[in-house]
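What follows is one structure encoded as C-alpha coordinates, with my remarks underneath.
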Amino acid sequence: MGRQAVPVLVILVGCGRFGFQPAPVDGAGDGNGSGTADARACPAPSVVAVGTAPKGAAIGDIDGDGNADLVVTANAGATIGILPGRGDATFGPRQDLATAVDPWGVIVRDLDRDGAQDVVVAGSMVTVFPNRGGLGASAYYAGPTLEHELDTGDFNGDGIPDLAIVDGTTNALNLYLGVGDGTFGAFTAYQLGANPRTPRVADFDRDGALDVVTCDNGAFALGFSRGTGSGTFNPEVRFGVGGSSVDAADLDHDGILDLVEAGLATTANPAYTYRGNGDGSFTAGPTATLGTGPGQLALGDFDLDGDPDLAATNMNAATVSVLHGNGDLTFGGKADYPTGSRPFAVTTGDLDHDAFPDIVVVNYGDATVSVLPGCSL
(Lines give C-alpha, C1' and ligand atoms only; values in the text may rest on other atoms or scores of the structure.)
Protein backbone atom coordinates (compact mmCIF):
# COMPACT_ATOMS: atom_id res chain seq x y z
CA MET A 1 0.00 0.00 0.00
CA GLY A 2 1.36 3.43 -0.93
CA ARG A 3 1.88 6.14 1.64
CA GLN A 4 -0.96 8.60 2.09
CA ALA A 5 -0.12 12.11 0.96
CA VAL A 6 -0.07 14.51 3.91
CA PRO A 7 0.41 18.29 3.61
CA VAL A 8 3.31 20.22 5.08
CA LEU A 9 3.30 23.31 7.26
CA VAL A 10 6.60 25.20 7.21
CA ILE A 11 7.47 27.79 9.87
CA LEU A 12 10.41 30.17 9.47
CA VAL A 13 11.15 32.13 12.63
CA GLY A 14 12.27 35.69 11.88
CA CYS A 15 15.43 36.92 13.63
CA GLY A 16 16.06 40.06 11.64
CA ARG A 17 17.61 40.93 8.30
CA PHE A 18 16.30 37.68 6.89
CA GLY A 19 18.32 35.45 9.20
CA PHE A 20 15.49 32.99 9.76
CA GLN A 21 16.12 30.80 12.80
CA PRO A 22 14.50 27.55 13.90
CA ALA A 23 12.01 27.18 16.69
CA PRO A 24 13.44 26.00 20.02
CA VAL A 25 12.86 22.32 20.70
CA ASP A 26 13.69 21.84 24.40
CA GLY A 27 11.04 21.31 27.06
CA ALA A 28 11.36 24.81 28.52
CA GLY A 29 10.69 26.30 25.13
CA ASP A 30 13.59 28.73 25.30
CA GLY A 31 16.26 26.89 23.32
CA ASN A 32 18.41 25.59 26.18
CA GLY A 33 16.08 25.06 29.12
CA SER A 34 17.31 28.04 31.13
CA GLY A 35 13.91 29.69 31.31
CA THR A 36 15.24 32.89 29.74
CA ALA A 37 15.59 34.07 26.16
CA ASP A 38 18.82 32.91 24.60
CA ALA A 39 20.53 32.35 21.25
CA ARG A 40 18.96 29.49 19.35
CA ALA A 41 20.87 26.67 17.75
CA CYS A 42 19.70 25.34 14.42
CA PRO A 43 17.92 22.04 15.03
CA ALA A 44 16.90 19.46 12.48
CA PRO A 45 13.51 20.05 10.82
CA SER A 46 10.53 19.27 13.03
CA VAL A 47 6.94 18.52 12.11
CA VAL A 48 3.48 20.02 12.59
CA ALA A 49 0.47 17.99 11.54
CA VAL A 50 -2.25 19.69 9.53
CA GLY A 51 -5.29 18.29 7.76
CA THR A 52 -5.33 17.02 4.20
CA ALA A 53 -5.05 19.52 1.32
CA PRO A 54 -4.64 22.75 3.34
CA LYS A 55 -5.38 26.02 1.57
CA GLY A 56 -5.43 28.81 4.14
CA ALA A 57 -4.01 29.84 7.49
CA ALA A 58 -4.49 32.59 10.04
CA ILE A 59 -2.71 33.63 13.24
CA GLY A 60 -4.35 34.95 16.41
CA ASP A 61 -4.54 34.42 20.17
CA ILE A 62 -7.64 32.24 20.29
CA ASP A 63 -7.25 30.85 23.81
CA GLY A 64 -6.32 34.20 25.38
CA ASP A 65 -3.03 33.06 26.89
CA GLY A 66 -0.96 35.77 25.20
CA ASN A 67 0.60 33.41 22.65
CA ALA A 68 -0.21 33.41 18.95
CA ASP A 69 -2.16 30.36 17.81
CA LEU A 70 -2.48 28.99 14.28
CA VAL A 71 -5.60 27.98 12.34
CA VAL A 72 -5.23 25.96 9.12
CA THR A 73 -8.02 24.88 6.77
CA ALA A 74 -8.08 21.28 5.52
CA ASN A 75 -9.89 21.41 2.20
CA ALA A 76 -10.21 17.66 1.62
CA GLY A 77 -11.30 16.89 5.16
CA ALA A 78 -13.77 19.78 5.60
CA THR A 79 -12.12 20.80 8.87
CA ILE A 80 -9.94 23.44 10.42
CA GLY A 81 -7.04 22.56 12.66
CA ILE A 82 -6.43 24.73 15.74
CA LEU A 83 -2.80 24.60 16.86
CA PRO A 84 -2.28 26.34 20.23
CA GLY A 85 0.92 28.35 20.30
CA ARG A 86 3.44 27.88 23.09
CA GLY A 87 5.01 31.31 22.56
CA ASP A 88 8.21 29.92 21.05
CA ALA A 89 7.02 29.21 17.49
CA THR A 90 6.04 25.67 18.42
CA PHE A 91 2.51 24.39 18.91
CA GLY A 92 0.58 22.03 21.12
CA PRO A 93 -1.65 19.19 19.91
CA ARG A 94 -4.00 20.04 17.06
CA GLN A 95 -7.77 20.21 17.56
CA ASP A 96 -9.87 19.62 14.45
CA LEU A 97 -13.29 21.23 14.03
CA ALA A 98 -15.76 20.45 11.26
CA THR A 99 -16.59 23.12 8.67
CA ALA A 100 -18.74 23.26 5.57
CA VAL A 101 -17.40 21.47 2.50
CA ASP A 102 -14.33 22.90 0.71
CA PRO A 103 -12.89 25.18 3.42
CA TRP A 104 -10.38 27.59 1.91
CA GLY A 105 -9.64 30.99 3.46
CA VAL A 106 -9.77 31.65 7.21
CA ILE A 107 -9.53 34.71 9.43
CA VAL A 108 -9.27 35.25 13.19
CA ARG A 109 -11.17 38.34 14.42
CA ASP A 110 -13.27 39.53 17.37
CA LEU A 111 -16.66 39.57 15.64
CA ASP A 112 -18.88 40.30 18.65
CA ARG A 113 -16.61 42.79 20.44
CA ASP A 114 -16.26 40.70 23.60
CA GLY A 115 -12.45 40.69 23.54
CA ALA A 116 -12.16 37.06 22.39
CA GLN A 117 -10.94 36.08 18.93
CA ASP A 118 -13.50 34.27 16.76
CA VAL A 119 -12.82 32.25 13.60
CA VAL A 120 -14.47 32.54 10.18
CA VAL A 121 -13.92 30.09 7.31
CA ALA A 122 -14.90 30.53 3.64
CA GLY A 123 -15.99 27.50 1.65
CA SER A 124 -19.19 26.03 0.22
CA MET A 125 -20.79 27.95 3.08
CA VAL A 126 -19.37 30.49 5.51
CA THR A 127 -18.57 28.79 8.82
CA VAL A 128 -18.36 30.98 11.94
CA PHE A 129 -16.92 29.69 15.21
CA PRO A 130 -17.79 32.05 18.10
CA ASN A 131 -15.32 32.14 20.96
CA ARG A 132 -17.06 31.77 24.31
CA GLY A 133 -14.06 30.83 26.41
CA GLY A 134 -13.22 28.38 23.62
CA LEU A 135 -14.50 27.97 20.10
CA GLY A 136 -18.16 27.03 20.30
CA ALA A 137 -20.67 25.41 17.98
CA SER A 138 -20.33 26.64 14.42
CA ALA A 139 -22.91 28.68 12.54
CA TYR A 140 -23.31 28.39 8.77
CA TYR A 141 -24.22 31.06 6.22
CA ALA A 142 -25.15 29.93 2.73
CA GLY A 143 -23.37 31.67 -0.12
CA PRO A 144 -24.25 31.14 -3.77
CA THR A 145 -21.61 28.51 -4.60
CA LEU A 146 -17.99 28.31 -3.40
CA GLU A 147 -16.48 31.26 -1.55
CA HIS A 148 -12.69 31.26 -1.52
CA GLU A 149 -10.99 33.96 0.54
CA LEU A 150 -12.13 36.72 2.88
CA ASP A 151 -11.34 39.81 4.90
CA THR A 152 -13.21 41.91 7.45
CA GLY A 153 -14.02 45.56 8.04
CA ASP A 154 -16.79 47.91 9.13
CA PHE A 155 -18.35 48.78 5.78
CA ASN A 156 -21.43 50.65 7.03
CA GLY A 157 -19.98 52.63 9.92
CA ASP A 158 -21.92 50.99 12.73
CA GLY A 159 -18.84 49.80 14.60
CA ILE A 160 -19.59 46.13 13.90
CA PRO A 161 -17.25 43.90 11.84
CA ASP A 162 -18.61 42.80 8.45
CA LEU A 163 -17.31 40.13 6.05
CA ALA A 164 -16.08 40.61 2.48
CA ILE A 165 -15.72 37.25 0.72
CA VAL A 166 -14.77 36.53 -2.89
CA ASP A 167 -16.65 33.85 -4.83
CA GLY A 168 -14.63 32.30 -7.63
CA THR A 169 -17.63 30.61 -9.25
CA THR A 170 -20.05 33.53 -9.52
CA ASN A 171 -17.12 36.00 -9.75
CA ALA A 172 -18.53 38.21 -7.04
CA LEU A 173 -17.66 40.06 -3.86
CA ASN A 174 -20.18 38.90 -1.27
CA LEU A 175 -20.77 41.36 1.58
CA TYR A 176 -22.19 40.03 4.85
CA LEU A 177 -23.12 42.81 7.30
CA GLY A 178 -22.51 41.98 10.94
CA VAL A 179 -25.33 42.15 13.47
CA GLY A 180 -23.04 42.74 16.47
CA ASP A 181 -23.36 39.42 18.28
CA GLY A 182 -21.12 37.44 15.94
CA THR A 183 -23.89 36.69 13.47
CA PHE A 184 -24.49 38.09 9.99
CA GLY A 185 -27.35 39.00 7.72
CA ALA A 186 -27.89 37.76 4.17
CA PHE A 187 -25.14 38.62 1.71
CA THR A 188 -25.25 41.17 -1.10
CA ALA A 189 -23.20 40.30 -4.20
CA TYR A 190 -21.14 42.77 -6.24
CA GLN A 191 -19.76 41.70 -9.60
CA LEU A 192 -16.02 41.25 -10.01
CA GLY A 193 -13.72 39.98 -12.73
CA ALA A 194 -13.24 36.28 -13.33
CA ASN A 195 -11.79 34.11 -10.53
CA PRO A 196 -11.22 36.82 -7.88
CA ARG A 197 -8.67 36.13 -5.15
CA THR A 198 -7.22 37.62 -1.95
CA PRO A 199 -9.57 40.51 -1.03
CA ARG A 200 -7.73 43.30 0.80
CA VAL A 201 -9.80 45.76 2.82
CA ALA A 202 -8.56 49.32 3.46
CA ASP A 203 -9.49 52.96 2.84
CA PHE A 204 -7.51 53.23 -0.39
CA ASP A 205 -9.05 56.57 -1.46
CA ARG A 206 -8.88 58.21 2.01
CA ASP A 207 -12.55 59.19 2.07
CA GLY A 208 -13.26 57.51 5.41
CA ALA A 209 -15.04 54.49 3.87
CA LEU A 210 -13.47 51.06 3.47
CA ASP A 211 -12.77 49.75 -0.03
CA VAL A 212 -11.74 46.35 -1.38
CA VAL A 213 -8.96 45.43 -3.81
CA THR A 214 -8.99 41.96 -5.37
CA CYS A 215 -6.75 40.01 -7.71
CA ASP A 216 -9.08 39.01 -10.56
CA ASN A 217 -6.99 36.11 -11.77
CA GLY A 218 -9.17 35.08 -14.71
CA ALA A 219 -9.71 38.67 -15.88
CA PHE A 220 -5.93 39.32 -15.93
CA ALA A 221 -6.39 42.43 -13.80
CA LEU A 222 -6.65 43.84 -10.32
CA GLY A 223 -10.01 45.19 -9.22
CA PHE A 224 -10.88 48.19 -7.03
CA SER A 225 -14.35 48.24 -5.42
CA ARG A 226 -14.98 51.63 -3.86
CA GLY A 227 -16.94 51.53 -0.63
CA THR A 228 -19.68 54.10 -0.05
CA GLY A 229 -19.56 53.90 3.76
CA SER A 230 -23.19 52.77 3.90
CA GLY A 231 -22.60 49.05 3.34
CA THR A 232 -22.53 49.13 -0.47
CA PHE A 233 -19.90 49.29 -3.20
CA ASN A 234 -19.61 51.11 -6.49
CA PRO A 235 -18.94 48.98 -9.61
CA GLU A 236 -15.48 47.49 -9.76
CA VAL A 237 -12.76 49.37 -11.66
CA ARG A 238 -10.09 47.11 -13.17
CA PHE A 239 -6.46 47.99 -13.72
CA GLY A 240 -3.03 46.41 -13.93
CA VAL A 241 -2.25 42.88 -15.08
CA GLY A 242 -3.21 39.39 -14.03
CA GLY A 243 -1.81 37.65 -10.99
CA SER A 244 -2.42 35.14 -8.23
CA SER A 245 -2.38 37.31 -5.10
CA VAL A 246 -2.24 40.93 -3.91
CA ASP A 247 -1.38 42.68 -0.65
CA ALA A 248 -1.28 46.33 0.48
CA ALA A 249 1.12 48.49 2.50
CA ASP A 250 2.67 51.94 2.34
CA LEU A 251 5.80 50.93 0.46
CA ASP A 252 7.27 54.43 -0.04
CA HIS A 253 6.29 56.16 3.23
CA ASP A 254 4.08 58.81 1.63
CA GLY A 255 1.08 57.97 3.80
CA ILE A 256 -0.79 56.31 0.91
CA LEU A 257 -1.33 52.57 0.54
CA ASP A 258 0.43 50.84 -2.35
CA LEU A 259 -0.02 47.34 -3.77
CA VAL A 260 2.18 44.36 -4.57
CA GLU A 261 0.86 41.61 -6.82
CA ALA A 262 2.30 38.15 -7.45
CA GLY A 263 2.14 37.80 -11.22
CA LEU A 264 0.98 34.71 -13.05
CA ALA A 265 3.70 32.12 -13.65
CA THR A 266 5.89 33.21 -16.57
CA THR A 267 9.56 32.95 -17.44
CA ALA A 268 10.02 36.19 -15.44
CA ASN A 269 7.90 35.21 -12.40
CA PRO A 270 7.21 38.85 -11.58
CA ALA A 271 6.06 40.75 -8.53
CA TYR A 272 4.29 43.89 -9.76
CA THR A 273 4.10 47.04 -7.64
CA TYR A 274 1.47 49.77 -7.91
CA ARG A 275 1.89 53.19 -6.35
CA GLY A 276 -1.26 54.42 -4.64
CA ASN A 277 -2.43 57.86 -5.77
CA GLY A 278 -4.65 58.39 -2.73
CA ASP A 279 -7.88 58.59 -4.74
CA GLY A 280 -8.44 54.88 -5.32
CA SER A 281 -6.32 54.79 -8.47
CA PHE A 282 -2.89 53.23 -8.84
CA THR A 283 0.12 53.75 -11.10
CA ALA A 284 2.33 50.87 -12.20
CA GLY A 285 5.69 50.83 -10.41
CA PRO A 286 8.88 48.77 -10.53
CA THR A 287 8.82 45.00 -10.96
CA ALA A 288 10.70 42.48 -8.82
CA THR A 289 11.43 38.81 -9.48
CA LEU A 290 9.95 35.92 -7.49
CA GLY A 291 10.58 32.18 -7.68
CA THR A 292 8.99 29.72 -10.09
CA GLY A 293 5.20 29.61 -10.08
CA PRO A 294 4.35 32.46 -7.69
CA GLY A 295 1.39 31.73 -5.45
CA GLN A 296 0.32 33.82 -2.47
CA LEU A 297 2.25 36.73 -1.02
CA ALA A 298 2.29 38.69 2.22
CA LEU A 299 3.90 41.96 3.27
CA GLY A 300 5.58 42.56 6.62
CA ASP A 301 8.60 44.30 8.11
CA PHE A 302 10.64 41.15 8.68
CA ASP A 303 13.90 42.95 9.57
CA LEU A 304 12.29 45.80 11.56
CA ASP A 305 13.94 48.54 9.52
CA GLY A 306 10.64 50.34 8.93
CA ASP A 307 10.30 49.29 5.27
CA PRO A 308 7.70 46.67 4.23
CA ASP A 309 9.27 43.46 2.96
CA LEU A 310 7.77 40.72 0.79
CA ALA A 311 7.29 36.97 1.26
CA ALA A 312 5.85 34.91 -1.60
CA THR A 313 5.28 31.19 -2.10
CA ASN A 314 6.71 29.54 -5.21
CA MET A 315 4.41 26.64 -5.96
CA ASN A 316 6.53 25.07 -8.70
CA ALA A 317 9.82 25.41 -6.86
CA ALA A 318 8.76 24.35 -3.33
CA THR A 319 10.24 27.51 -1.84
CA VAL A 320 9.20 30.79 -0.28
CA SER A 321 10.97 33.94 -1.49
CA VAL A 322 11.78 36.81 0.86
CA LEU A 323 12.63 40.21 -0.63
CA HIS A 324 13.83 43.16 1.43
CA GLY A 325 11.95 46.42 0.81
CA ASN A 326 13.95 49.55 0.10
CA GLY A 327 11.19 51.99 1.11
CA ASP A 328 10.64 53.26 -2.44
CA LEU A 329 8.52 50.50 -4.09
CA THR A 330 11.66 48.55 -4.99
CA PHE A 331 12.98 45.40 -3.37
CA GLY A 332 16.46 44.02 -2.87
CA GLY A 333 17.78 40.60 -3.80
CA LYS A 334 15.66 37.50 -3.39
CA ALA A 335 16.42 34.85 -0.76
CA ASP A 336 14.66 31.50 -1.27
CA TYR A 337 13.89 29.12 1.61
CA PRO A 338 12.80 25.49 1.07
CA THR A 339 9.23 24.48 1.85
CA GLY A 340 7.15 21.39 1.29
CA SER A 341 5.52 20.48 -2.00
CA ARG A 342 3.11 22.96 -3.60
CA PRO A 343 3.35 25.80 -1.06
CA PHE A 344 -0.06 27.40 -1.38
CA ALA A 345 -0.59 30.06 1.26
CA VAL A 346 1.56 32.31 3.44
CA THR A 347 0.80 34.40 6.49
CA THR A 348 2.92 36.23 9.05
CA GLY A 349 2.87 36.94 12.76
CA ASP A 350 5.09 37.09 15.84
CA LEU A 351 4.96 33.54 17.16
CA ASP A 352 7.75 33.82 19.72
CA HIS A 353 7.49 37.31 21.29
CA ASP A 354 10.71 38.67 19.79
CA ALA A 355 8.95 41.50 17.84
CA PHE A 356 10.08 40.05 14.49
CA PRO A 357 7.26 38.82 12.23
CA ASP A 358 7.60 35.11 11.53
CA ILE A 359 6.49 33.42 8.30
CA VAL A 360 4.05 30.52 8.11
CA VAL A 361 3.78 28.65 4.80
CA VAL A 362 0.96 26.19 4.13
CA ASN A 363 1.93 23.48 1.65
CA TYR A 364 -0.93 21.88 -0.25
CA GLY A 365 0.67 18.89 -1.90
CA ASP A 366 3.36 17.28 0.26
CA ALA A 367 3.46 13.68 1.31
CA THR A 368 4.67 14.57 4.83
CA VAL A 369 3.90 17.13 7.48
CA SER A 370 7.04 19.11 8.35
CA VAL A 371 8.29 22.27 10.05
CA LEU A 372 11.43 23.33 8.21
CA PRO A 373 13.28 26.06 10.15
CA GLY A 374 15.13 28.38 7.82
CA CYS A 375 18.29 29.13 9.81
CA SER A 376 21.08 28.77 7.21
CA LEU A 377 19.03 27.65 4.24
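The values are calculated or read from the model by the stated rules, or taken from the named source; none is laboratory data. Bear in mind the structure is a predicted one, so any value in this text is a computation, not a measurement. Methodologically, a virtual Cβ is constructed for each residue, glycine included, from the backbone with ideal geometry; neighbour enumeration extends over all protein chains shown. In case anyone asks, the SASA skips ligands and DNA or RNA and just uses the protein heavy atoms, side chains included. Shrake-Rupley method; radii C 1.70, N 1.55, O 1.52, S 1.80 Å.
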(request) Heads up, I need the accessible area for HIS324: 1.4 angstrom probe, whole protein in place, Å², nearest 10. (result) 20
(request) Compute the relative contact order of the stretch 126-248 as a whole-number percentage, counting only Cα pairs closer than 8 Å that sit 6 or more residues apart in sequence. (result) 18
(request) Let me know the volume per residue of the alpha-carbon convex hull for the stretch 117-210, in Å³. (result) 97
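Starting from the Cα-Cα distance between ALA186 and THR169, subtract it from 0.36 nm times their residue separation and give me the gain in nm to one decimal.
Working: separation 17, 0.36 × 17 = 6.12 nm, distance 1.83 nm.
Here the segment from ALA186 to THR169 would lengthen by 4.3 nm.
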(request) Please report how far the C-alpha centroid of the stretch 310-342 lies from that of the stretch 278-294, rounded to the nearest whole angstrom. (result) 14
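Treating only the Cβ atoms of Lys and Arg (+1) and Asp and Glu (-1) as charged, compute the dipole magnitude of the stretch 139-249 about its Cα centre; round to the nearest 20 debye.
It comes to approximately 300 debye.
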(request) Pop out the carbon and sulfur fraction of the accessible area of the stretch 234-300 as a percent, whole number, probe 1.4 Å. (result) 54
(request) Hey, could you grab the Kirkwood Rh for the stretch 209-288? Inverse mean 1/r over distinct alpha carbon pairs, Å, one decimal. (result) 13.0
(request) Provide the per residue accessible area, probe 1.4 Å, for the stretch 208-277, rounded to a whole number of square angstrom. (result) 35
(message) I want to check the label-to-label distance for ASP279 and THR145. Put each point 7 Å from Cα in the C-beta direction and report it in nm to one decimal.
(response) 3.6
(request) Pop a pseudo-label 7 angstrom from the Cα along the beta-carbon direction at both THR287 and THR228 and give the gap in nm to one decimal. (result) 3.8
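For the stretch 167-214, what D do you get in µm² per second when you plug the Kirkwood radius from alpha-carbon pairs into Stokes-Einstein at 10 °C and 1.306 mPa s?
Values: Rh = 12.1 Å.
Result for D is 132 µm²/s.
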(message) Could you tell me the calculated FRET efficiency between THR330 and LEU304, based on Cβ-Cβ distance and R0 = 22 angstrom, to the nearest 0.05?
(response) 0.70
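Show ASP366, ASP358 ordered by accessible area, largest first, where the area counts protein heavy atoms only and the probe is 1.4 Å.
On the way: ASP366 30, ASP358 0 Å².
Final ranking, largest accessible area leading: ASP366, ASP358.
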(message) Once you compute Rg and the Kirkwood Rh from C-alpha atoms, what is the Rg to Rh ratio for the stretch 54-101?
(response) 0.99
